[in-house]
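The values are calculated or read from the model by the stated rules, or taken from the named source; none is laboratory data. Since we're looking at a predicted model, the values are computed, not measured. Note that each Cβ is placed from the backbone with ideal geometry, even for glycine, and that neighbours are counted across all protein chains shown. In case anyone asks, the SASA skips ligands and DNA or RNA and just uses the protein heavy atoms, side chains included. Shrake-Rupley method; radii C 1.70, N 1.55, O 1.52, S 1.80 Å.
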Amino acid sequence: MELRYSEAEESFRATLREWLEHSLPAVPPQPSREDWVARRQWDADWQRRLFDGGYAGLNWPKEYGGQGATPTEQLIFFEETAKARAPYVGANFVGTLHAGPTLIEEGTGAQKAAHLPNILRGDEIWCQGFSEPGAGSDLAGLRTRADRDGDDYVLNGQKIWCSFGQIADVGEFLVRTDPDAPKNRGISWLILPMDLPGIEIRPIKTALGSSEFCEVFLTDVRVPVSQRVGAENDGWRVTNVTLKYERGTAFVSELIDSLRLCRDAAKLTSDAAHLRELGHCYAAFDGLWSLTKRNVSQTSRGTAGAGGMVIKLAYSEARQRFGELCLRMLERDGLHIEGNELVEERLRTLALTIAAGASQIQRNIISERVLGLPREPR
Amino acid sequence: MDLELSDDQVSLRDGIQALLAGRFDMERVRTGFDRAMYDELAEAGVFSLISDGFVWADAAIVFEQLGEFCVPGPLVTCAITGECASHVETSTVAIEHVSTVDYVYQIADTVTRAPASSFSGVASDWPLDPLTPILKVGSGVFGESVGDAELAQAFRRRGTVLTAAFQLGMAQRLTTMTVDYAKSRVQFDRPIGSFQAIKHLLADMVVRNEVARAAVYAAAAHLDEPDESGLDRTIAVAKVLAGEAAVVNGKTATQVHGGMGYTWEVDVHLYLKRAWLLETHFGSAESRCDDLAAILSA
Ligand SMILES: Cc1cc2nc3c(=O)[nH]c(=O)nc-3n(C[C@H](O)[C@H](O)[C@H](O)COP(=O)(O)OP(=O)(O)OC[C@H]3O[C@@H](n4cnc5c(N)ncnc54)[C@H](O)[C@@H]3O)c2cc1C
């Protein structure tokens, strides 16, 4: 056990800090939530700055334009950018963290060349079309069909909860290519240009009152077979190849933000019960920050503990508890959202226990993979 | 930066685990703390780790194992004072292990102590933790000054970390016991561990352990650093999370064991009762949350 970072890591941190100090003043103010054209531009600009500064694709291998950074450097990157209040990954999320790594692992030379440089430069925004009205937690039950017709697939079906769908250029889509195979065997992974004829995108208004995600209707959409990544019907495996890019750093920015918000919230109250609960929330976040570091320590050694599975579940629940506390502390000052980060966050974080694996599913996974208990029906 | 055990620390953990598994099974543990047990642990080096060249992170690993085995006795006090001693903090209404130890320390604004033989009172014939005898005293006179506020702070920091490590070990062992039971106990023709309501309770035990372990290791490693900034915060976090893990896992373990969980025979209650006892050492989860809030507001 050792808390101190190596000299090389400290120098990575110092250089990054200097770069942030120099770069952040040039970043214009964040556009409003519903100004999607400006939001896309703002997120893309930040990605471009990262690219120019040598920080794009931190965990991508160097041969694909990434930085080949160590897990600890990645941790430091997220920590420092969050502390400096730099823009969050935003609309670049799917491209840089999911689709890009998938292409690196499974894409053809042509697919890599067509997309990887664009993703790194912020020139291409991706979305993820996995979930469907009938396939959420049970994703393998998805029904959007891709029927082969010559060199094309013809797509028919509906996707839902597609974040950033309204501004994406390209989507990673899971479709059913063999309706007769067992659920997770007949699925393929496609690169879907979002401007193809037959694609209709309808934003959905969230509980926050904004439109963060969309429904995507697919009617006779023709996609060349060459847009498939991996073998036909092997899409379920392809979606999981990104796991090795998971280094337990997924919640670093959120945790650093949460610790800051705890400090801010301490100024809101002198009520002893509120303060005690605030101390409790802080303990949860700080413990998770240590668990994140422990996770990264394990990844650096090429081992993996249960931490990765635990952080998402524990963080999202702690964050909701904290949000609840903030509303009680604000009392009637919390009755408007504008200018009230804590209230806005309370609403945004309602989704944390649902998106990307609901808490119940996370508990199933922990009890089965970590404890070896009998599996749920699938 | 590395919050995982080093190879040496893995050997240390395995060594103490083997020693405890060999000599401190539950049958022995249930006989309680006595001088022979103290001598045996002292000989194994449990109370002299720092003077023997180990660091606090190592000590935490050892105390985590002592917690796994629910070893009775004022082990943390012995390790921080270097004496066969128990301690009180502010209140002296109940003193632990008086008939076995040499000294009772008071770790408050300063550190004072008195020979254990100087305390008189009524021995509880029904202590909350059956393995922790309690002497009910009206008041005590801690006549001898041992150290100033600085020593009191050092004792409190070290004591908190080792107690948290012990609580962590208890939380972990409660989980193992309960998972084993859930896999073997059959109702409605299947193991109760296949019911989602049970699986989710067990998953939450894992969550508490993982977060508490990271917090305890971070606090222990921080004790070894010369830079004390943030140290009290890290230590408070460890105590909150490990204390909760032990107590809540104890309650969950009772529930999952069904009627067996409410028996004297099954070990669960011994862990739960010790967990409650240790919440009165070096600050309960609640008081440590208050400390954290005070640090945040400062
Ligand atoms: C903000 C946000 C952004 C999202 N972005 C995207 C995106 O970009 N692309 C995309 O494809 N998807 C996206 N999603 C979808 C997300 O992955 C799904 O919402 C999630 O997988 C849950 O599916 P569901 O909403 O259909 O809920 P359901 O699966 O219907 O679950 C409803 C409830 O039932 C519980 N439940 C279900 N099955 C079980 C079980 N076996 N055991 C116990 N309980 C169970 C769940 O825990 C939940 O509480 C997003 C969701 C949100 C909220």
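Values as computed for the structure displayed
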| item | result |
| --- | --- |
| Test: residue in the stretch A:213-220 that is within 14 Å of another protein chain (Cβ to nearest Cβ) and near the ligand (Cβ under 10 Å from one of its atoms) | no |
| Index of the failed condition, A:V223 passing every other in (1) open to solvent by less than 20 Å² (accessible area, probe 1.4 Å); (2) within 15 Å of the ligand (Cβ to nearest atom); (3) of a type in the set (V, I, T) | (2) |
| Single unsatisfied condition, B:H257 versus (1) more than 12 Å from chain A (Cβ to nearest Cβ); (2) surrounded by fewer than 18 Cβ atoms within 10 Å (Cβ to Cβ) | (2) |
| Filter result (within 16 Å of the ligand (Cβ to nearest atom) and more than 24 Å from the chain's Cα centre (by Cα)) within the stretch A:147-175 | A:L155, A:G157 |
| Within the stretch A:121-170, considering residues that are open to solvent by 10 Å² or more (accessible area, probe 1.4 Å) and hydroxyl-bearing (S, T, Y), the one nearest to A:G235 (Cα to Cα) | A:S131 |
| Which numbered condition A:D333 misses (of (1) surrounded by 20 or more Cβ atoms within 10 Å (Cβ to Cβ); (2) more than 11 Å from the ligand (Cβ to nearest atom)) | (1) |
| Residue list for the stretch B:200-233, filter: of a type in the set (S, T, N, Q) and within 28 Å of B:L174 (Cα to Cα) | B:N209 |
| In the stretch A:237-258, the residues that are modelled with pLDDT under 95, open to solvent by 20 Å² or more (accessible area, probe 1.4 Å) and assigned to a helix (DSSP H, G or I) | A:N240, A:V241, A:L243, A:K244, A:Y245 |
| Among the residues listed as A:A84, A:A99, A:A56, the single one being away from every other protein chain (no Cβ under 14 Å) and open to solvent by 10 Å² or more (accessible area, probe 1.4 Å) | A:A84 |
| Set A:L325, A:L347, A:L313, A:L352: member being more than 29 Å from A:A135 (Cα to Cα) and part of a helix (DSSP H, G or I) | A:L325 |
| Pick from the stretch A:336-375, criterion open to solvent by 40 Å² or more (accessible area, probe 1.4 Å) and charged (D, E, K, R), ranking: farthest from the other protein chains (Cβ to nearest Cβ) | A:E338 |
| Close pairs from the stretch B:268-283: first β-branched (V, I, T), partner open to solvent by 10 Å² or more (accessible area, probe 1.4 Å), Cβ under 6 Å, at least 6 apart | B:V268/B:T254; B:V268/B:H257 |
| Options B:T90, B:T31: the member that is among the hydroxyl-bearing types (S, T, Y), at pLDDT below 95 and part of a loop (DSSP other than H, G, I, E, B) | B:T90 |
| B:V211 being surrounded by 24 or more Cβ atoms within 10 Å (Cβ to Cβ), facing another protein chain (nearest Cβ under 7 Å) and β-branched (V, I, T) | yes |
| Residue in the stretch B:101-111 that is in contact (Cβ under 8 Å) with a residue 12 or more places away in the chain, crowded, with 23+ Cβ neighbours inside 10 Å and assigned to a loop (DSSP other than H, G, I, E, B) present | yes |
| Subset of the stretch B:1-50 that is of a type in the set (D, E) and away from chain A (no Cβ under 14 Å) - its residue that is nearest to A:S297 (Cα to Cα) | B:D14 |
| Condition met for B:S287 (at pLDDT below 95 and surrounded by fewer than 20 Cβ atoms within 10 Å (Cβ to Cβ)) | no |
| Where a residue in the stretch A:28-46 is farther than 15 Å from A:G165 by Cβ and its partner, wherever it lies, is assigned to a helix (DSSP H, G or I), with Cβ under 6 Å and at least six apart | A:P31/A:A38; A:P31/A:R39; A:P31/A:W42 |
| Residue in the stretch A:312-319 that is buried (at least 20 other Cβ atoms within 10 Å of the Cβ), of a type in the set (F, W, Y) and within 23 Å of A:G136 (Cα to Cα) present | yes |
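Per-residue answers, yes or no, for (1) within 22 Å of B:I134 (Cβ to Cβ); (2) within 12 Å of the chain's Cα centre (by Cα):
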{"position": "B:L19", "(1), (2)": "no, no"}
{"position": "B:G22", "(1), (2)": "no, no"}
{"position": "B:D25", "(1), (2)": "no, no"}
{"position": "B:G32", "(1), (2)": "yes, no"}
{"position": "B:A36", "(1), (2)": "yes, no"}
{"position": "B:V46", "(1), (2)": "no, no"}
{"position": "B:D52", "(1), (2)": "no, no"}
{"position": "B:V62", "(1), (2)": "no, yes"}
{"position": "B:I80", "(1), (2)": "yes, no"}
